[in-house]
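Below is one structure, written out as structure tokens, with a few remarks after it.
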Amino acid sequence: MEAYISGLGNISAQETFDNFVFLENIRKLDAPLTFCIEPNYKEFIQPIQLRRMGRILRMGVTAAAKCLKDAGVEVPDAIITGTGLGLVQDTEKFLTAVIENEEKFLTPTSFIQSTHNTVGAHIAVMLKCNNYNFTYVHSNISFESALLDSMMLINENSGLNILLGGLDEITDTYFKITDKAGLWNKYNPEEQIPHIPEKAIAGEGATYFVITGVSKPENYAKFMGVSTFYKPKSTGGITSNLLKFLNHNGLTISDIDLVLLGQNDTNGDSIYNSIRSGILKETNQGYYKHLCGEYYTSSAFAAWLAANILKRQVVPDAVLLKGKQTKPLKKILIWNHFRNINHSFMLLSAC
Amino acid sequence: MADLIEKLKTEIIEALNLEDLEPDDIDKDSPLFGDGLGLDSIDALELIVLLEKNYGIKLQDPKEGKKVFFSVQTMADYITANQKN
Amino acid sequence: MLRRVVVTGIGIISSIGNNISETLQSLKCKKSGISPLTILNTLHKDTFPAGEIKFTNHELELLAGGDIPEFPTRTTLLGIIAAKEAYGDAGFKPGASTSVKTGIVSATTVGGMDQTEQYYFDFFISDSHLHYVRTHDCCDNTQTIAECLGITDFMTTVSSACSSSANAIMFGARLIKHGIADRIIAGGTDALSKFTLNGFNTLKILDEKHCRPFSDDRNGLNLGEGAAFLVLEAEEIPVRENRKIYCDITGYANANDAYHQTASSPDGYGPFLAMKKALDMSGLKAGQIDYINAHGTGTDNNDLTEGLAIEKIFLPQIPKVSSTKAFTGHTLGAAGAIEAVFSILSIKHGLIFPNLNYSGKINELNFEPTLELTEGAEVKNVLSNSFGFGGNDSSLIFSKY
């Protein structure tokens, strides 16, 4: 199963919205949470619609519009979305209203927009797209699930143009509660008392792709495969899953020109560090969450990054952790996990 | 009546998040829905709550909504006729 | 990609029964589960009847069995109960190693909100209930069920409003056809919550009485809660292992109405497309469908537009149609899977279930739903509809094996 990336649209904590420019002015993320650099939505959405839309909906619709324009596609054959949290701001708004107003005088807008498939649905209404429309909501493999579904569809019909997206938002309230619950603490099984946990910087983003089975010179890169697994019992389990994944794609570790790791900072965690000095020790290594932050669909940002690297044939200095600039760059592996629950591999290749 | 109309315009702008509009931009007799201000069925539901929350008037039959919410003036007329003080 | 996908296990819990056997009894006896709310603590408890499962969360924990996590949400508990029944029905013990690639695709709209809404303000000021922050996400029920059943090869969660679990079943079938898995537990779960009840109330589509699907004077829907799962397998596996097969999944489709966030287009274009594409995939002619288990929520909008779409495809010969939502209420994310189970029971037992609480034909339609239980019917093909907010329209076709 292969799928070519023919369009990109990315709203993130970096200046990524303009597809011609690639990470020229990299900003350091604000701790403990970073918001996106948002475009002027009025250029993309009518005021009468914009007024009702929360932030993540604006981000999703706009990134999708940018992406479709980039691909030269008006109405996609499917709209497949991954989002771990859905529309947080609207959910918070309605929930707070229910509690504060004791279930009286409630208004519908934030409830309607709290359903997880709202972004995909809104895009469909705007484009009058009657085609297949799915939303996956499984933590940090939401985007990977959407990608798998997209690739399966293309396997059935290579002529399809699929709008594939990964998006999540962060709010101050959501961060406050989840931070209290320890959900931003990096994986660390050897906690010592007294212990101050290392934390990830929370982020957000909306990243869209148009993918198709049709090869064209303008394509950015291609997805070759995706695989997910749950709570591996040891780093040995991760290594064997990796070998199985590469083998399934007819590759060995030496075929990988760059691995993009989902570690939050240069410290990594014991799992990343173990694999980095194990099976990955001869592979060029990079990372991306210092650019976009930690959020459930950050792997969509990683895929955007990989697609650009493969198209432009250069790894930005800020991305490279270990190793050197290989030429030519043919295969990029992305490996993501946070807190050792859901792991994913994605494989991208130059066209 | 004029005060109520101005108050209603502000409340409508706030309830429906019409960020780019000022009260002066809304003509009191122009249709709120369809071709006028372009509001839709979700906005109608929001206005029903506005009536109840701010004026204590519960619309007995939601289908009355079309007449009541035709314009700011018709809303004001309805409130004046039905508000219990 | 020519693998046939068959159903080898089913499990369910709703307001009409805690398992398949009780559910079948209720369906046969026309016993509805719609009643005044007694468990959900809400201002509206005396206003809106619902298909509420009359167990507290603690009682559900006992039903679910001993190997469940410490602070489960109601949504997750319902899911565990139904998934365990389905897995056992297919012949498997939880935790037993499987020789084939086994995964789970679940669905929900509420997720852990049933607990989050109770402790939301408390989260800010105390540490006592922070475990419910961890169980809020939609994936919680899926991961918990996977751990209970010992499933490790694949998992994901779908959320697309009222068509969620129909879509989970569809994706599960496709995963098997593509060879990514050989066996998938697919379905969904949703618990009642204040969030949803109040949300639907803002849309003014809840009936203060028992709902009347496909009736001219229908006045809205009753909410419900529940969970259901199917065990889907590549056909060769139960055949080789000599295990029972309920039916095939011969057709499925998802289409988008692309008209409005919460209302269906006046002519029901999205529902029409979903049904038509599912039929096309199955290779069946319209006349070969023996029973349509409709989405039939009892709202003005749905029943009319679904009815028009059914007429467009099936006239002049409309098969028996019924909505079972006057039995269970609208179970939202679980509805697709619950009604899939009903469709499978229909095939297995030769039964066509009645449309309860009917009060007269919708003026604009040319057909009426079936009002009595049909027994001894030759039910070969059943079409099941699930049409959700955001215009997300799905249809599944189950066929006798």
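The values are calculated or read from the model by the stated rules, or taken from the named source; none is laboratory data. As the structure is a computational prediction, the values presented were derived from the model and not from experiment. Cβ atoms come from the backbone with ideal geometry, glycine included; neighbour counts cover every protein chain shown.
A few points about this structure:
- Residue tally, condition more than 10 Å from every other protein chain (Cβ to nearest Cβ), in a helix (DSSP H, G or I) and among the β-branched types (Val, Ile, Thr), over region B:17-72: 2
- Single residue of region A:107-132 satisfying the filter (farther than 17 Å from A:ASP90 by Cβ and within 7 Å of chain C (Cβ to nearest Cβ)) that is surrounded by the most Cβ atoms within 10 Å (Cβ to Cβ): A:ALA124
- The residue list A:ALA78, A:ALA13 contains one member that is buried (at least 21 other Cβ atoms within 10 Å of the Cβ) and more than 11 Å from every other protein chain (Cβ to nearest Cβ), which is A:ALA13.
- Selection from region A:81-106 of residues that are part of a loop (DSSP other than H, G, I, E, B), closer than 22 Å to A:SER139 by Cα and facing chain C (nearest Cβ under 9 Å): A:THR83, A:GLY84, A:LEU85, A:GLY86
- The residues listed here are C:ALA228, C:ALA253; of these, the one that is part of a strand (DSSP E or B), under 26 Å from A:GLY120 (Cα atoms), within 14 Å of chain A (Cβ to nearest Cβ) and not hydroxyl-bearing (Ser, Thr, Tyr) is C:ALA253.
- Some residue of region C:325-333 being buried (at least 24 other Cβ atoms within 10 Å of the Cβ), in contact (Cβ under 8 Å) with a residue 24 or more places away in the chain and closer than 19 Å to C:VAL7 by Cα: no
- Of all residues in region C:310-324, those that are surrounded by fewer than 22 Cβ atoms within 10 Å (Cβ to Cβ) and in contact with a helix residue (DSSP H, G or I) (Cβ under 7 Å, 6 or more places away or on another chain) total 5.
- Scoring C:ALA173 on the criteria (1) of a type outside the set (Asp, Glu); (2) within 13 Å of chain A (Cβ to nearest Cβ); (3) out of contact with any Leu (no Cβ under 9 Å at 6 or more places or on another chain) leaves a single failure, condition (3).
- Tally of residues being within 7 Å of chain C (Cβ to nearest Cβ), outside any strand (DSSP E or B) and among the hydrophobic types (A, V, I, L, M, F, W, C) across region A:133-156: 3
- Taken over region C:260-290, the criterion of being within 12 Å of chain A (Cβ to nearest Cβ), closer than 23 Å to A:HIS116 by Cβ and either of a type in the set (S, T, N, Q) or touching a helix residue (DSSP H, G or I) at 6+ places or on another chain (Cβ under 6 Å) (or both) is satisfied by C:GLN261, C:THR262, C:ALA263, C:SER265, C:GLY270, C:PRO271.
- Unique residue being surrounded by fewer than 21 Cβ atoms within 10 Å (Cβ to Cβ), in a helix (DSSP H, G or I) and not hydroxyl-bearing (Ser, Thr, Tyr) when the list is A:LYS327, A:LYS311: A:LYS311
- Filtered by the rule that a residue be buried (at least 20 other Cβ atoms within 10 Å of the Cβ) and in contact with a Gly (Cβ under 6 Å, 6 or more places away or on another chain), region C:363-401 gives C:VAL379, C:SER386, C:GLY391, C:ASP393, C:ILE397.
- Among the helices (runs of 4 or more DSSP H) confined to region C:119-221, the ones with at least 3 residues that are without any contact (Cβ under 8 Å) to a residue 24 or more places away in the chain and within 30 Å of B:ALA44 (Cβ to Cβ) are located at C:194-202.
- Set side by side, the residues C:ASP153, C:ASP190 differ, and just one is in the same structural domain as C:PHE55 (by TED's automatic domain parsing) and either surrounded by fewer than 24 Cβ atoms within 10 Å (Cβ to Cβ) or of a type in the set (S, T, N, Q) (or both), which is C:ASP153.
- Any hit, region C:51-67, residues being assigned to a helix (DSSP H, G or I), closer than 19 Å to C:ALA186 by Cα and out of contact with any His (no Cβ under 7 Å at 6 or more places or on another chain): yes
- Any hit, region C:293-312, residues being touching a residue at least 24 places away in the same chain (Cβ under 8 Å), in contact with a strand residue (DSSP E or B) (Cβ under 8 Å, 6 or more places away or on another chain) and under 19 Å from C:TYR401 (Cβ atoms): yes
- Subset of region A:162-179 that is in a helix (DSSP H, G or I) and among the acidic types (Asp, Glu) - its residue that is nearest to the other protein chains (Cβ to nearest Cβ): A:ASP179
- A count restricted to region B:1-16 and to residues that are at pLDDT 90 or above and not in a helix (DSSP H, G or I) stands at 1.
- When residues in region A:188-223 are screened for being out of contact with any helix residue (DSSP H, G or I) (no Cβ under 9 Å at 6 or more places or on another chain) and among the aliphatic types (A, V, I, L, M), 3 of them pass.
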